[in-house]
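Working notes, structure below.
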Amino acid sequence: MAYPTAETAGMVGGFVQPDHLRAQLLSWYDANARHLPWRVGQQDHATGVRADPYRVWLSEVMLQQTTVPHATPYFLAFTERWPTVADLASEADGEVMAAWAGLGYYARARNLLACARAVSNDHGGVFPDTEEGLRALPGLGPYTAAAVGAIAFDLPTNVVDGNVERVMARLFAVDAPLPNAKLELKRLAGELVRSQRPGDWAQALMDLGATVCKPKSPLCERCPVSRHCAAKAEGAPETYPRRTAKAARPHRFGVAYVLTRGDEVALVRRPPKGLLGGMLALPTSEWRAKRWSESEAIGAAPAPVKWRSAGEVEHVFTHFSLTLQILRAEGDAQDVIWSPHRDMGGLPSVFLKAARVGLSSAA
């Protein structure tokens, strides 16, 4: 199927020329830009103040798979504790991983440290100011490099996240479903990029998708470019972007062990690679497709003490869901890290939930 391009869509759904669309969206952005702690305000930006690449990069990494309200407190805590990329680069891995706990997708925290150290050690603490240079940094994929390039350095990069994909799918009424439509949506977005105000353009599209062109209930009456929207002209913009049916998420079962010694709880450090790599955690069994019997669970326990059931918790990861049966005991064990109950805030959320359930049950 042939889709309209940004240059040829003039007669589709009441489209006008791309430069008119850009002018209208940028005018809206000037009046309605979100106030976010990593952004430079419009008035300051107009006088030549530029965004700090470190803050832009940090925010973009945190916002992957995470909402602005959830990421903002973490961003503020990180930038207060580590105000520069050099500060972050010099911190111990465990401290950063603990501060990241609750944001999920913990490979991002490992990549965060790798990138900070590369910038600090290989680039004198200064982020590269080209898209190619940014792409060469550890953990920076095409989207993050494009976002930092546009927002921090005003490079005319093509910044396409989920919000931008949704806006493009609706503007051009792209029938191909996601994820197959990604390349087409990126191409359409690229045709709207100009050398004028590229950072503002990228953020304007993000803000439009986040606040107006919402996934389920688009606010078309508030949209500054609704006259250009082919999906609105069709009468059902909420049906875009099209999506293929998702495969059922597999479910796994495991056992978490809450072993206490007075006011301390036994923790372990997970292997550096893999899910929740490098994080402090409760000792657990293998996570598998079959529920663990009580005898199997006790047999896999980290210490030969008297274990008893303390309930279970459910958790959903990106690619599977998990039921953790919880066993509780009081005693001692070797090869564990004893941590005060009050210091468990740095655990990943799945283990924090399990620990709370286990500790609420008297041994």
- line: A correct Karplus calculation of ³J(HN,Hα) over the range 231-246, with 6.51 cos²θ - 1.76 cosθ + 1.60, θ = phi - 60°, whole Hz and x for Gly and Pro, returns 5, 5, 4, 6, x, 9, x, 5, 7, 10, x, 5, 9, 6, 5, 7
statement: Largest fluctuation, Ala230, Ala118, Ala136 only, Gaussian network model of the chain with Cα springs under 10 angstrom, belongs to Ala136
Nearest-0.05 FRET efficiency for Gln17 and Gln65, computed from C-beta distance (R0 30 Å): 0.25
query: Between the range 101-141 and the range 37-93, what is the C-alpha centre distance in whole Å?
result: 13 Å
task: Quick one: among Ala77, Ala204, Ala256, which has the greatest mean-square fluctuation in a GNM of the chain with alpha-carbon springs under 10 angstrom?
output: Ala77
task: Show the residues, 5+ positions off or on another chain, whose built amide H is closer than 5 Å to the amide H of Gly311.
output: Ile326
message: Let me make sure I get this right: for the range 251-359, a, b and c are the square roots of the gyration tensor eigenvalues over alpha carbons, sorted descending. Under 1.5 in a/c it's rounded, otherwise prolate if a/b > b/c, else oblate. Which is it?
response: oblate
Amide H contacts of Ala173 (H built 1.01 Å from N, under 5 Å, at least 5 apart or other chain): Ala230, Ala231
message: Residue by residue through the range 129-136, what is 3J(HN,Hα) from phi via Karplus (6.51 cos²θ - 1.76 cosθ + 1.60, θ = phi - 60°)? Round to whole Hz and write x for glycine and proline.
response: 9, 10, 5, 5, x, 5, 5, 7
query: When the chain is treated as a GNM, springs tying every alpha-carbon pair under 10 Å, which of His319, His123, His228 comes out with the largest mean-square fluctuation?
result: His319
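For the peptides 324-332, 31-39, what is the packing order when you average, over each peptide's residues, the other Cβ atoms within 10 Å and list the highest mean first? Mind dumping the intermediate values first?
On the way: 324-332: 19.9, 31-39: 14.4.
Sorting 324-332, 31-39 by mean packing, highest first, produces 324-332, 31-39.
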- request: Sticking with the crude label model, points 7 Å out along Cα→Cβ, report the distance from Ser27 to Arg291 in nm, one decimal please.
  value: 6.3 nm
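Express in nm, to one decimal, how much length is gained between Glu312 and Asp129 on full extension, taking 0.36 nm for each residue of separation and deducting their alpha carbon distance.
Numbers: separation 183, 0.36 × 183 = 65.88 nm, distance 4.92 nm.
Full extension of this stretch gives 61.0 nm more.
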query: Restricting the count to DSSP beta bridges whose residues both fall in the chain, what percent are antiparallel, rounded to a multiple of 5?
result: 60 percent
query: Under a 5 Å amide H to amide H cut-off, with H placed in plane at 1.01 Å, what residues pair with His251 once short-range neighbours are removed?
result: Ser321
Whole-Hz couplings from phi, Karplus 6.51/-1.76/1.60, listed for the range 53-60; x for Gly and Pro: x, 4, 5, 5, 4, 4, 5, 5
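Values in this text are rule-based calculations from the coordinates and carry no lab data. Predicted model only: the values in this text are computed from it and were never measured. Note that each Cβ is placed from the backbone with ideal geometry, even for glycine, and that neighbours are counted across all protein chains shown.
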